[in-house]
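Below is one structure, written out as structure tokens, with a few remarks after it.
Readers should treat all values here as calculations from the given coordinates under stated rules, not as data from a laboratory. Just so you know, these numbers come straight off a predicted model, no measurement behind them. Cβ coordinates were reconstructed from backbone atoms using ideal geometry, including for glycine residues, and neighbour counts include every protein chain displayed.
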């Protein structure tokens, strides 16, 4: 949506509950109704898990494959996302995605969802539709090859002072492929009430929560955004 502003991920820990917050600012879709504005901005909250790591290549520019010793790990990003569709003033459909290493946790049937607005109104979903969980797997080659050193040779640890390339001898030290799997859950949460959404609404907040964790997705509505 042209002119919208996104603000991503604030994490707060209160007691034993972690709260992850994301927000977007956009025009109110009821004040200036168009087909585009019926679909809100998508808010992403990126989290991670200490047990989910993948290698990131370092110092392998121009190489098809790299020595495994040049790999460093980084946290695998878990993409938690929400957007909504304005079906009518009386009905809103929220599209929610949660990533997790456990399938039960990614199943959005196991989460409590609540909608709140600036006027102090609260709603629970009329229905949960199209709930599904998909397994995502990444694999990478951990082939170990001998580094080719410059004329400066190697240091006291046996590492190249300056690496010129890698020999094509990975077959000498066979390594299993590395892999990582996560589950991605998606579902639509439908809210219905007479005049649920109107031109006076300044913000909507969707709370997606379960024991120990809460995702807060907030949409703020400002007329000035459309002209920015």
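A few notes on this one:
- Residues residue 56 and residue 116, FRET efficiency given R0 of 35 Å [Cβ-Cβ distance, rounded to 0.05]: 0.35
- Exposure proxy shown here: for 43, 148, the number of other Cβ atoms within 10 Å sets the order, fewest to most, as 148, 43.
- If R0 is 30 Å, the Cβ-Cβ spacing of residue 104 and residue 203 corresponds to a FRET efficiency of close to 0.40.
- Which of 45, 161 has the fewest Cβ neighbours within 10 Å, and the rest in rising order: 161, 45
- Cβ-to-Cβ counts within 10 Å put 204, 135 in ascending order as 135, 204, the fewest first.
- Distance distribution note for segment 83-122: the fraction of Cα pairs above 15 angstrom is 57%.
- Taking all Cα pairs closer than 8 Å and separated by 6 or more residues, the relative contact order of segment 76-215 comes to 36 percent.
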